[in-house]
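The values are calculated or read from the model by the stated rules, or taken from the named source; none is laboratory data. No experiment lies behind these values; they were computed from the predicted model shown. Reconstructed Cβ throughout: ideal geometry from the backbone, glycine too, with neighbour counts over all protein chains shown. Side chains included, ligands, DNA and RNA excluded: accessible areas come from the protein's heavy atoms. Shrake-Rupley method; radii C 1.70, N 1.55, O 1.52, S 1.80 Å.
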Amino acid sequence: MEIKKEDDMKYERTKNTVRGTAFGILNRMISLLIPFLVRTILIKVLGIEYLGLGSLFSSILGVLSLAELGIGSAIVFALYRAIADEDGKTICALMAFYKKAYHTVGWIVLALGLLLIPLLPILCPQVLPDGMNIYLLYFIYLANTVLSYFMFAYKNCLLTAFQRIDISSNVGSCTNLVLYLFQILGLLLTQNYYYFVIFIPIFSIIQNIVTAYYVTKVYPQYLPHGKLEPALHDIIFRKIKALFLYRIGSVVLTSVDSIVISVFLGLSVLGQYNSYYYVVYTLFGFLQVYYNAITPGIGNSMSTETIEKNYLDFNRLNFLQSWVIGWCSICLVCLFQPFIGLWIGSEYLFSERVIFCWGVYFYLWKMMDVVNIYKEASGMWDYDKYRQIFASGVNLFLNISLVQKIGIYGVLLSTVISIAFITFPWSTAVLFKYYFKMGMGEYFKKYFIRAGVTIIVCLLTYCVCELFFSYISVWAFIGRGLICLIFPNILFWGVGHLSKDYTDTRQWIVGKVKAVF
């Protein structure tokens, strides 16, 4: 019977992963592709500066989100074990703690946000678009951030831990679809940016309420009450302290870039940068659907399976990751310029060296994901908390230094340097030392070989694209897209299909598919 229960658990993990991925992709198509239309209308109706304005406020509030301390991640980590043990009392106590903590965080974010108001002219020193009140716009964005902490956001932890992110994905798809419709109508009918942003907090409230309703309906037995056992309380606080330092690096890498660009280069360049970043972020978003779906399953596996079994899965995921991320990076390098040129105009193109830097940025950042997923699932934030402090300090220093000398290229280059030489190797070393308890020589050997293959394939693909389609047009973009779809994948298959990793990973994927269907 125990074996039967274990098999059922593995089946549920696989089924929930597939379900979460399917609904997550639907949600991402709505939340990422439809905003592409919204952004296009925003640029055509109001101008590219407004993209920079929204990005600036989002980045400032991203820094304020440090107040969250990573409480949600620590709670979900604790929930994995409680769910595996079917400990309802602990689950309810964790929800009560989460609710109280989030209300406290909401007040802290509000206070910090209000204290930042006098600094807004410094953070946005350039001339604002006509008729825009920076303080009113900032207050709307701040309200959107703060209200989420006071609503029912704490209930989302149950969906994550139980691998039911399909529920939140479905709710997000519906509410976001209506939000974008209202934003488009607001832009076309009024040509007023205020009517564009005012719907954001309104629909955030609606999404929180609807999600809370479904969580209560699906898990009525789990209500926020009770107190945590002292031992678990201490563990969570230790994780939170480590996560606070851990999150600093993430905030610097994602939010401070926009603030630095605004201060030194202005809103127009920030809007231009944001257009490129939006394409990268869209790819991030689609890939994140899969990562969000498999993380709870990996967390469950790390609580119930052997280290040897988890290391085997880790290697399989890394092989799959190297192929997918390598291909996406090549597509970015080869398709970025024609896409931006067709979308917002050739006058907004960056130089080719910036495009190659975007490709390296994407590859380095996303190749860390498997390592980060295993660290996240095992709750190992306290082992490398100082790494993020050091990496964020180096990145910020290089950001400010290089942006004044080589412009936007310096912002990207500083991030690439901090990831390549600090964040990635340090993070990997922690996982291998404290969880797998083995050397990482074999891992890095495979990593560098695969990275080298990706570079060679990227250069060959880029040369082929330039040879046949060096101009910007719809047909040229389609032609380059077909080359990127076929040419690099043939080369990847030719290089990798004879390896043991390819055979093992293919059999593993086939087994997962058969388990579901």
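Let's see how each residue does on (1) of a type in the set (Phe, Trp, Tyr); (2) closer than 30 Å to GLY341 by Cα:
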{"residue": "MET440", "(1), (2)": "no, no"}
{"residue": "LYS445", "(1), (2)": "no, no"}
{"residue": "VAL453", "(1), (2)": "no, yes"}
{"residue": "VAL457", "(1), (2)": "no, yes"}
{"residue": "TRP475", "(1), (2)": "yes, yes"}
{"residue": "VAL495", "(1), (2)": "no, no"}
{"residue": "GLN507", "(1), (2)": "no, no"}
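Of LEU114, LEU187, which residue is surrounded by 19 or more Cβ atoms within 10 Å (Cβ to Cβ) and among the hydrophobic types (A, V, I, L, M, F, W, C)?
Residue meeting the stated conditions: LEU187.
Quick test for you: out of LEU320, LEU332, LEU312, pick the one residue that is closer than 17 Å to TYR443 by Cα and under 24 Å from the mean Cα position of the chain (by Cα).
Only one candidate passes the filter, namely LEU320.
Go through region 395-428 and report how many residues are open to solvent by 30 Å² or more (accessible area, probe 1.4 Å) and either under 30 Å from ILE235 (Cα atoms) or not hydrophobic (A, V, I, L, M, F, W, C) (or both).
Of the residues in that region, 6 qualify.
When region 487-511 is examined, which residues are found to be part of a helix (DSSP H, G or I) and open to solvent by 90 Å² or more (accessible area, probe 1.4 Å)?
Hits for region 487-511 are ILE490, TRP493, VAL495, LYS500, ARG506, GLN507.
Which residues, taken from region 454-482, are open to solvent by less than 40 Å² (accessible area, probe 1.4 Å), farther than 12 Å from CYS334 by Cα and not hydroxyl-bearing (Ser, Thr, Tyr)?
Within region 454-482, no residue meets the criteria.
Being open to solvent by less than 20 Å² (accessible area, probe 1.4 Å), more than 18 Å from PHE448 (Cβ to Cβ) and not hydroxyl-bearing (Ser, Thr, Tyr) is the filter here; which residues of region 301-316 pass it?
ASN310, ASP313
Of all residues in region 146-175, which are open to solvent by 30 Å² or more (accessible area, probe 1.4 Å), under 20 Å from GLY285 (Cα atoms) and part of a helix (DSSP H, G or I)?
Listed by number, the residues that qualify are ASN156, THR160, SER168, ASN170, CYS174.
How many residues does region 317-343 hold that are aliphatic (A, V, I, L, M), open to solvent by less than 10 Å² (accessible area, probe 1.4 Å) and within 22 Å of ALA377 (Cα to Cα)?
Here the count works out to 1.
Specify the residue that is surrounded by the most Cβ atoms within 10 Å (Cβ to Cβ); the eligible residues are those in region 361-378 that are of a type in the set (A, V, I, L, M) and assigned to a helix (DSSP H, G or I).
In this case the residue turns out to be VAL370.
Please list, ordered by first then second residue, the pairs with beta carbon atoms under 9 Å, 6 or more apart or interchain, first in region 222-238 and under 16 Å from MET380 (Cα atoms), second of a type in the set (Asp, Glu).
From residues that are under 16 Å from MET380 (Cα atoms), the pairs are ARG238/ASP382.
Among the numbered criteria (1) closer than 18 Å to CYS357 by Cα; (2) touching a Leu at 6+ places or on another chain (Cβ under 9 Å); (3) open to solvent by 10 Å² or more (accessible area, probe 1.4 Å), which one does ILE389 miss?
That leaves (1) as the condition not met.
Give me the pairs: first residue in region 32-55 and closer than 18 Å to ASN176 by Cβ, second residue β-branched (Val, Ile, Thr) and not in a helix (DSSP H, G or I), beta-carbon distance under 9 Å, and six or more apart or on different chains, which are they?
ARG39/ILE344; THR40/ILE344; LEU42/ILE48
Quick check: anything in region 402-421 of a type in the set (D, E, K, R), under 19 Å from ASP501 (Cα atoms) and in a helix (DSSP H, G or I)?
Taking every residue of region 402-421 in turn, none turns out to be of a type in the set (D, E, K, R), under 19 Å from ASP501 (Cα atoms) and in a helix (DSSP H, G or I).
Within region 445-454, is even one residue more than 30 Å from LYS309 (Cα to Cα), touching a Phe, Trp or Tyr at 6+ places or on another chain (Cβ under 8 Å) and among the aliphatic types (A, V, I, L, M)?
Among the residues of region 445-454, not one is more than 30 Å from LYS309 (Cα to Cα), touching a Phe, Trp or Tyr at 6+ places or on another chain (Cβ under 8 Å) and among the aliphatic types (A, V, I, L, M), which makes the answer no.
As an exercise: evaluate TYR434 against (1) at pLDDT below 90; (2) within 27 Å of the chain's Cα centre (by Cα); (3) buried (at least 19 other Cβ atoms within 10 Å of the Cβ) and give the number of the one condition it does not meet.
Among (1) at pLDDT below 90; (2) within 27 Å of the chain's Cα centre (by Cα); (3) buried (at least 19 other Cβ atoms within 10 Å of the Cβ), TYR434 violates only (3).
Does SER346 qualify as being of a type outside the set (A, V, I, L, M, F, W, C), in contact (Cβ under 8 Å) with a residue 40 or more places away in the chain and either in contact with a strand residue (DSSP E or B) (Cβ under 6 Å, 6 or more places away or on another chain) or surrounded by fewer than 18 Cβ atoms within 10 Å (Cβ to Cβ) (or both)?
yes
Limited to region 201-227, what total is found for residues that are open to solvent by 40 Å² or more (accessible area, probe 1.4 Å) and part of a helix (DSSP H, G or I)?
So the answer is 11.
For ILE406, which of the numbered conditions (1) free of Cβ contacts under 8 Å to residues at least 12 places away in the same chain; (2) over 18 Å from SER258 (Cβ atoms) fails to hold?
(2)
Within region 1-118, which helices (runs of 4 or more DSSP H) (wholly inside it) include 2 or more residues that are closer than 30 Å to ILE140 by Cα, among the aromatic types (Phe, Trp, Tyr) and at pLDDT 75 or above?
The helices (runs of 4 or more DSSP H) meeting that bar are 49-64, 88-115.
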